[in-house]
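Student: This is the structure, below, for whatever I ask next.
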Amino acid sequence: MYGAEKPDGESERTAFRKAEKKYKLYYQHGSSKKKKVPKPVELSEVIDFEAVRESYEGKGELPDGIAVVECGFGWTSFRLENQPGFYFIPGALSLQEQGRWIRESLISFPQPPNRTNHNAEYGPINDLFLAARERRVLVEDRSPSQSGVPTSGSQAANESGLLWKFVDELDAKSSGNGQKSVAASVLLRKLRWSTLGLQFNWSQRNYDISLPHNKIPDDLCQLAIRMASLAMGPGEQFKPEAAIVNYFGLGDTLGGHLDDMEADWSKPIVSLSLGCKAIFLLGGKTRDKPPLAMFLRSGDVVLMAGEARECFHGVPRIFTDEEDTAHKALLEQQFSDPEEHCFSEYIRASRININIRQVF
Ligand code: OGA
Ligand code: MN
């Protein structure tokens, strides 16, 4: 699903790849010789649903190809006339809700038994965000108690049975002697996904129902069900069974893909955006159809159901630089308590996407 990038030369073979390349972050030399700056991108073709909503609510005007969806629950929602099954709800989440889901995404969602991209190398890691805040370091644990079974909450075994544990920065320095170690802050920056509910097995590209898992938290289920109703007929039900949380830092992208491992494609994928603004590409059933580009901002919700489920999509760009400062300042106010400084620091340069699915 998350295909690796093809070598140069192949990268512009399809209309979708061409668009990814157009929006991707490249650096170029700035006015001072040493410093590289982001290469400006042409954004005039990117649909801005926040502006669409302002113009619709203020003047009753809508751009060609975009229609309003009547829904009982108070948000102005839009659909694309040429992309049945795709819905966009700008600003669906209040700032308070955004703050809450950012906290959960960093504190509780990556907790075992939920799996993350770090599992394969380090085994389950407890309390990564707290460890990063306390500048702790994950070190290979060669203590004699090794039995392959973790003996304390902070220990983990990776797929080759090695144990790892968090220690204080100073202890990590003093123990030295060739022991492998990695700072929690580095692992946090490299956290790319976690999975809630039924666990997705990325190597086999399927849901592995034998893996231990917790249910998706109730409030997130309720939110997803409320949103999903927009894309479903009366009496139809959405059962949130799995969610993938994606974490994006500077320069991170999500390549064009289809989410095709769920049984019933008429059921929507409910996708929440948090943190930095991004560009989302929505293409067709093949990569040859030129995709539409749109901004995704913190608090926006997107639904992909029916035909839109069969369409390639991806995120070629997030904007971590100094633009969008007004939105960022509002979001950071949610973390104004000094204890929560670590959240604003993280989210200032990151984007989080939570997408919720019915699997069966
Ligand atoms: C996905 C996905 C979109 C986004 O995780 O499958 O399409 O907005 N995410 O990050
Ligand atoms: Mn997807």
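Student: Equivalent ellipsoid semi-axes for the range 167-252, as square roots of 5 times the alpha carbon gyration tensor eigenvalues: give them largest first, rounded to whole Å.
Tutor: 38, 15, 13
Student: Further, regarding this structure: Based on Cα coordinates alone, diagonalise the gyration tensor for the range 79-145, multiply each eigenvalue by 5, take square roots, and list the semi-axes in whole Å, largest first.
Tutor: Semi-axis lengths for the range 79-145 are 37, 17, 8 Å.
Student: Between V245, V186, V302, where does the largest GNM mean-square fluctuation fall for the chain, given springs only between Cα atoms within less than 10 Å?
Tutor: So, out of V245, V186, V302, the one fluctuating most is V186.
Student: Now for a separate question. Could you put Y26, Y247, Y56 in order, starting from the residue whose Cβ has the fewest other Cβ atoms within 10 Å? Present the calculation step by step, with values, prior to reporting the outcome.
Tutor: On the way: Y26 12, Y247 25, Y56 17.
Listing Y26, Y247, Y56 from fewest to most nearby Cβ atoms yields Y26, Y56, Y247.
Student: By count of other Cβ within 10 Å, fewest leading, how are C71, C221 ordered?
Tutor: C71, C221
Student: May I ask you to list the trypsin sites (Lys or Arg not before Pro) in the range 272-345 that are in a DSSP loop and have at most 12 other Cβ atoms within 10 Å of their Cβ?
Tutor: Of the trypsin sites (Lys or Arg not before Pro), the ones in loops of the range 272-345 whose Cβ has at most 12 other Cβ atoms within 10 Å are K285.
Student: Filter the GluC sites (Glu not before Pro) in the range 261-360 down to the DSSP loop ones having no more than 12 other Cβ atoms within 10 Å, then list what survives.
Tutor: Filter output for the range 261-360: E322, E323.
Student: Further question: Taking amide H positions as placed in the peptide plane 1.01 Å from N, state which residues far from N201 in sequence (5 or more) or on other chains have amide H under 5 Å from it.
Tutor: Under 5 Å from the amide H of N201 lie the amide H atoms of N206, Y207, D208, each far enough along the sequence or on another chain.
Student: Just subtract the alpha-carbon distance of S108 and L95 from 0.36 nm times their residue separation and send over the number in nm, one decimal.
Tutor: Details: separation 13, 0.36 × 13 = 4.68 nm, distance 1.93 nm.
Between S108 and L95, full extension yields an extra 2.7 nm.
Student: From the phi of every residue in the range 86-95, what ³J(HN,Hα) in whole Hz does the Karplus formula 6.51 cos²θ - 1.76 cosθ + 1.60 yield, where θ is phi - 60° and glycine or proline is x?
Tutor: Taking θ as phi minus 60°, the curve returns 9, 10, 10, 10, x, x, 5, 9, 5, 4 Hz for the range 86-95.
Student: Principal axis lengths of the range 231-360 from Cα atoms, whole Å, largest first?
Tutor: Per principal axis, max minus min of the Cα coordinates gives 45, 35, 22 Å.
Student: Follow-up. Report the label-to-label distance for I225 and K18 in nanometres (one decimal), using points 7 Å from each Cα along the Cα→Cβ vector.
Tutor: 4.6 nm
Student: Could you give the spread of the C-alpha atoms of the chain along their three principal axes, from largest to smallest, in whole angstroms?
Tutor: So the three principal-axis extents are 69, 59, 47 Å.
Student: Report, in deg cm²/dmol and to the nearest 500, the calculated mean residue ellipticity at 222 nm for the chain, where each DSSP H run with n ≥ 4 adds -39500 (n - 2.57) and the sum is divided by the residue count.
Tutor: Rounded to the nearest 500, it is -6500 deg cm²/dmol.
Student: To continue, here is another question. With each pseudo-label sitting 7 Å past Cα toward Cβ, what's the W202-L130 distance in nm, one decimal?
Tutor: Simple spin-label model gives 2.5 nm for this pair.
Read-outs throughout are calculated quantities, based only on the coordinates presented, and are distinct from any laboratory measurement. For clarity, every value in this text was computed on a predicted model and none was experimentally measured. Methodologically, a virtual Cβ is constructed for each residue, glycine included, from the backbone with ideal geometry; neighbour enumeration extends over all protein chains shown.
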